[in-house]
Each structure stands twice: as structure tokens, then as C-alpha cells.
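Participant: Sending over a structure as C-alpha cells; questions will come in a sec.
The values are calculated or read from the model by the stated rules, or taken from the named source; none is laboratory data. Model, not experiment: these values are computed from the prediction. Positions of Cβ are backbone-derived with ideal geometry, glycine not excepted, and every protein chain shown enters the neighbour counts.
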């Protein structure tokens, strides 16, 4: 195999676009595989769309400098990032690009440094990194590349060893995450990254890019903790750091500038000041979100690196006392910035099914994004912009959208909060019972978040694969019932009605008062009414509501409050 000591801009472009094509060709296969055997896995779609956006930005970049092409790729990935897997992939490329920003070409050492930068940035982007995921795969790949680069100047060998280490790391993921080991599979986010590295290696070694995975390997690709966000949860009622502080800094500008910007230096100081930290720098701007006891320190730190463009500080412990002044200030800002008479607070939510969307609209949602395809960061940003509101609350209704929503918080031009709803049922409950248009943004975030534990979310669908989980032996085609994301019911022969009845029985207890049934595209009003009858037999004091949700994939959705 020919030794490659220099990667040119042309080869780099081919690598990026080959990776995008390889993910695209495998997206549907990855989507069909999940730790929880339901037909809504979307890791393949999310990573494909994210990488496609990065490749598009790379192709549209006029500057042929390799470092600029890498930065364009990273920016495209950030703006197109969908789901947790897409956001983490964007952070890998962000760190990759930062390490080679000044490089016209890449040596073996440069390539290894870029991969190490990608691993470091990805880990920093996740507040509570989980091993046995894509993070483990990129870390092991980067470590192997670093060791090989110490011994050779052959970039092909560096990438080959990185790929081999990534494949070994992928195979080890079941030992790191019990839920993977239980069903005997590996993490599909990590598999997506292996596909990217495989495409890179094929281009660099002159081989044909492998565009489709072998069918024998399909069961090795699943999404670990598909419905679980990797970022940490913050309880507004148990606040350790009382001030939500946001700043935006124009780097190397203004009279206070006295330090050259270095991401690690900048980040590490802020990390010691609080929690819930997010730092994103794009071109000449750095944006910060942090919960701290000393917002002044955050602001003073920012001014050393440039000119402050935006500062926002909220006292999270004293929301009620300051509600009136906060609302007045937001109204004033809205008028000054030309909000085009939009609402004070926009509710941005996701939903699938025309009936579900209509319910959200009637409950007061401002913009409803179709969730058949996970929204990207830029989709959320556009929704916020289209609302013309002074501030916004995002209801993801899916844990896999949490990271894209958090990215939107940092990039938006108005204050934005994320209420971390993982299901449609949680989103509706938070909106109907928690939102008050007369209250401030922070009060609404706290009140809506407090509503999430008040509802149990149930869903019935059909298994797409054989597996054993939670003591249940499940065959492809079985009807399965999930309670708050965990499979608790399995019924043979796709008997959705029986599965729904058994699921409802597990959801109802002596504290239950209201049951809401949403029947989807593959169910009928008669089936929903029969389910109500079964529920009334369990407890004749229960109140029932039935709605035509029209949702795909899930014939029955249940909420119990």
C-alpha cells in the first residue's frame, strides 16, 4: 500500500464527502436497530443529516486552505446537528478542525492531533460522559492514532490503526453499558463513527469506499440509551449555583482585550465557577452559558478576551420577587429589538401526527416542528426566529433532541430555556398544566419542569427484532408496551389491543385520576373506546379522554396523571 505522508485539501474533501455518502447508504439499516426494539430508531438518520450538512459546507467553501475547509465542515455539522449522536459528531469535528486551523496540508502527526482534539472537545461538550458510547470509540481511535504517529510519518497507517482501535472499542461497548450487554449488542452511535473512519481510510488508502455494511453485522448496531439524554438534568428546586449567566464575546476586540483566546484556558477557568457550562466558539465569537455564584467573575473573564456583545444574568433563587421587573425588561427589549409584535414567550415544540399537533396548538404552542425527522439545531433556531418572540421555551418531547436544543440555547439571539420533556405526553402536561403567559421565562421553566414527574407515559407499538430484555422474550412482530421508555409488556401476534390493556393496568394505581388515550394512524376510535372500557373495569373513578392523535409508529399513546 502506498505511503501517504501528506493529506491535501483535495483528499480531505473526498474524505468528508465519502463519509457523508457512507452514512447515507447505511442510515436505514441503523435506524431499524435499537436497544428497545421499536421502529423509531433514528441514529442513522441523525448522523447522516448532520454529516451531510458538514459536507455541504465543505463543498461550498471558496477558500481551498485545508484548515478553512475543516472549519467549514465543523460549522456545517454544528448547524445541521440532529439528535445527541449528531451533536456529538459535530463536536468531534469541531475539535478536529481547531487543531488544524492553520494547516495547508496534514501530516501523520497533524492527523493524530486532530483526532485527539476531536475526542477532547466531544468529552467536554457532554456534562456527564457515558462510556460505552461514541465517546469511547473516538477516544480509543485518537489514542491509537497518537501512538502510531510517534513511530511513522505514514498518515494511512495512522488512520488504519485508529480505525482498528475504533472497531475494538465498539466491540467492547456491551461490557461498559449493562443495557447493551443484556441484549447482546453494541452502540450504534459508535458504529456510525466507525463508518466515518472507514470511509476516511478507504479514500486515503486508495480503496473503494465500502458503502454498505454486511447484513451479518447489522445486529451489532443499536442506539445505546436511545431515549436518554447524555447531558445532566438540573432540578430548578435544588439549585447549587444561583445565577444563570450568559455572555457573548467578540474575540480580540475592544479596549479590555488583553489575552489571546485559547479554548482550553477559557473553558477551564469557567468550569471552576459553576455548572451547566456550555462554551461554543465559532469564528470570531465565543458564547457562554453557565450557572454560577459569581456572574461578575464570568463577565470579567470574558472581557479579557474581547468585547462583550451580550450579557444576561438571571437570579434563579429569587424568580418570584423579580418576576414583574424581568417581564417588564423583556417587553422593553422586545420593543427595542423590533420583535414584530411577537409573543413575550414562544413555545417551540415537536410532534408527529396531525391530531397531536392540533392539541399542542390549542394548548398554546407557538411553533410546532414535525418530529418524524429529528430537528437540527438550525431548525430550532429558525423556529425561534420565526416566532418573533422576546424569549422562548423548547419542549423537545424526545431525549434524543436534548443536545440540539441546548445548542440552540447558546446560539439564539433571545433568551431560551429547555424544559426536558422526553415524551409527547410529558410535553402536553408541561404545557397545559405548567405554562402561564403572565409569568416570566424562568418561572415558566421551573413550573413546566415540575409537571414532568406528574405524568406516566405509555406507548404501544410492534417489535422489529427478536430480543430478550427486562425478563421478557420478544419476537419480531410482537406487540410491546413501554412505560416511560422501558418495555414492560410483550404480547405475541401483534395483538396491540391486548398489549394496550396490559400496559394500562401497569400504569394505573390508587393515585391515578385521569387517563388520556391518543390513537394513531394504525388504530381506531373503537379500539380506544374498548381500552377505556377495560380501564374503567380497573377503577370506575378514573376519568378518560380520547383523542385522534394520528401519530405514526405508535397505535396507542397513553398518559396517566
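Participant: Could you list, in sequence order, all residues of region 414-437 that are part of a loop (DSSP other than H, G, I, E, B), touching a residue at least 24 places away in the same chain (Cβ under 8 Å) and closer than 20 Å to residue 315 by Cα? I'd like the intermediate steps shown before the answer.
Facilitator: Our first condition is that a residue be part of a loop (DSSP other than H, G, I, E, B); within region 414-437, this holds for 414-415, 419-423, 435-437.
Next cut, touching a residue at least 24 places away in the same chain (Cβ under 8 Å) only: 414-415, 419-423, 435, 437.
Across region 414-437, the qualifying residues are 414, 415, 419, 435, 437.
Participant: List the number of the failed condition for residue 102; all other conditions in (1) out of contact with any strand residue (DSSP E or B) (no Cβ under 9 Å at 6 or more places or on another chain); (2) at pLDDT 95 or above; (3) assigned to a helix (DSSP H, G or I) hold.
Facilitator: The single condition residue 102 does not satisfy is (3).
Participant: So which residues in region 487-525 are free of Cβ contacts under 8 Å to residues at least 40 places away in the same chain, in a strand (DSSP E or B) and over 23 Å from residue 357 (Cα atoms), if there are any at all?
Facilitator: Listed by number, the residues that qualify are 488, 489, 490, 491.
Participant: Identify the single condition in (1) surrounded by 18 or more Cβ atoms within 10 Å (Cβ to Cβ); (2) more than 19 Å from residue 353 (Cβ to Cβ); (3) within 33 Å of the chain's Cα centre (by Cα); (4) outside the structural domain of residue 419 (by TED's automatic domain parsing) that residue 449 does not satisfy, given that it satisfies every other one.
Facilitator: All conditions pass for residue 449, except number (4).
Participant: Which one is nearest to the chain's Cα centre (by Cα), of the residues in region 349-390 that are under 19 Å from residue 556 (Cα atoms) and in a strand (DSSP E or B)?
Facilitator: First, the residues of region 349-390 that are under 19 Å from residue 556 (Cα atoms): 350-360, 370-372.
From what's left, in a strand (DSSP E or B): 350-351, 370.
On the way: 350: 13, 351: 16, 370: 16 Å.
If we take residues in region 349-390 being under 19 Å from residue 556 (Cα atoms) and in a strand (DSSP E or B), then 350 is nearest to the chain's Cα centre (by Cα).
Participant: Limited to region 463-477, what total is found for residues that are surrounded by 20 or more Cβ atoms within 10 Å (Cβ to Cβ) and within 24 Å of residue 560 (Cα to Cα)?
Facilitator: Residues meeting the conditions: 1.
Participant: Next question. Could you identify the single residue in 424, 469, 474 that is touching a helix residue (DSSP H, G or I) at 6+ places or on another chain (Cβ under 7 Å) and not assigned by TED's automatic domain parsing to the domain that holds residue 346?
Facilitator: 469
Participant: Out of everything in region 541-557 that is buried (at least 24 other Cβ atoms within 10 Å of the Cβ) and touching a helix residue (DSSP H, G or I) at 6+ places or on another chain (Cβ under 7 Å), what residue ends up being nearest to residue 42 (Cα to Cα)?
Facilitator: Quick first cut of region 541-557, residues buried (at least 24 other Cβ atoms within 10 Å of the Cβ) only: 549, 551, 554-557.
Subset that is touching a helix residue (DSSP H, G or I) at 6+ places or on another chain (Cβ under 7 Å): 549, 551, 555-557.
Numbers: 549: 21, 551: 16, 555: 19, 556: 20, 557: 19 Å.
Ranking the candidates gives 551 first.
Participant: Give just the number: which of (1) touching a strand residue (DSSP E or B) at 6+ places or on another chain (Cβ under 8 Å); (2) modelled with pLDDT of 90 or more; (3) over 25 Å from residue 451 (Cα atoms) does residue 382 not satisfy?
Facilitator: With (1) touching a strand residue (DSSP E or B) at 6+ places or on another chain (Cβ under 8 Å); (2) modelled with pLDDT of 90 or more; (3) over 25 Å from residue 451 (Cα atoms) applied to residue 382, the lone miss is (1).
Participant: Which count do you get for residues in region 360-373 that are modelled with pLDDT of 90 or more and closer than 16 Å to residue 516 by Cα?
Facilitator: Number satisfying all stated conditions: 1.
Participant: Among (1) touching a helix residue (DSSP H, G or I) at 6+ places or on another chain (Cβ under 7 Å); (2) surrounded by fewer than 18 Cβ atoms within 10 Å (Cβ to Cβ); (3) modelled with pLDDT of 90 or more, which single condition is residue 298 missing?
Facilitator: In the conditions (1) touching a helix residue (DSSP H, G or I) at 6+ places or on another chain (Cβ under 7 Å); (2) surrounded by fewer than 18 Cβ atoms within 10 Å (Cβ to Cβ); (3) modelled with pLDDT of 90 or more, residue 298 misses (2) alone.
Yes or no, residue by residue, for (1) modelled with pLDDT of 90 or more; (2) farther than 20 Å from residue 407 by Cβ; (3) over 23 Å from the mean Cα position of the chain (by Cα); (4) crowded, with 19+ Cβ neighbours inside 10 Å:
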position: 274; (1), (2), (3), (4): no, no, no, yes
position: 289; (1), (2), (3), (4): no, no, no, yes
position: 304; (1), (2), (3), (4): yes, yes, yes, no
position: 307; (1), (2), (3), (4): yes, yes, yes, no
position: 332; (1), (2), (3), (4): no, yes, yes, no
position: 340; (1), (2), (3), (4): no, yes, yes, no
position: 347; (1), (2), (3), (4): yes, no, no, yes
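Participant: Then there's this: If you scan region 118-153, which residues turn out to be over 19 Å from residue 190 (Cβ atoms) and buried (at least 20 other Cβ atoms within 10 Å of the Cβ)?
Facilitator: 148, 149
Participant: So residue 455 clears everything in (1) surrounded by fewer than 20 Cβ atoms within 10 Å (Cβ to Cβ); (2) closer than 24 Å to residue 360 by Cβ except one condition, right? Which one?
Facilitator: Among (1) surrounded by fewer than 20 Cβ atoms within 10 Å (Cβ to Cβ); (2) closer than 24 Å to residue 360 by Cβ, the lone unmet condition for residue 455 is (1).
Participant: Continuing with the same structure: Give 164, 182, 208 a once-over and let me know the one that is more than 23 Å from residue 400 (Cα to Cα) and modelled with pLDDT under 90. If you could, list the steps in order and put the result at the bottom.
Facilitator: Working: 164 fails: modelled with pLDDT under 90; 182 fails: more than 23 Å from residue 400 (Cα to Cα).
On inspection, the qualifying residue turns out to be 208.
Participant: Mind checking which residues of region 452-473 are in a helix (DSSP H, G or I) and either free of Cβ contacts under 8 Å to residues at least 24 places away in the same chain or closer than 20 Å to residue 42 by Cα (or both)? Before you say what the answer is, go through the steps one by one.
Facilitator: We begin by selecting, within region 452-473, every residue in a helix (DSSP H, G or I); these are 452-454.
Passing the criteria: only 453.
Participant: Name the residue that is modelled with the lowest pLDDT, counting only residues in region 309-328 that are in contact with a helix residue (DSSP H, G or I) (Cβ under 9 Å, 6 or more places away or on another chain), outside any helix (DSSP H, G or I) and farther than 18 Å from residue 254 by Cα.
Facilitator: Of everything passing the filter in region 309-328, 316 is modelled with the lowest pLDDT.
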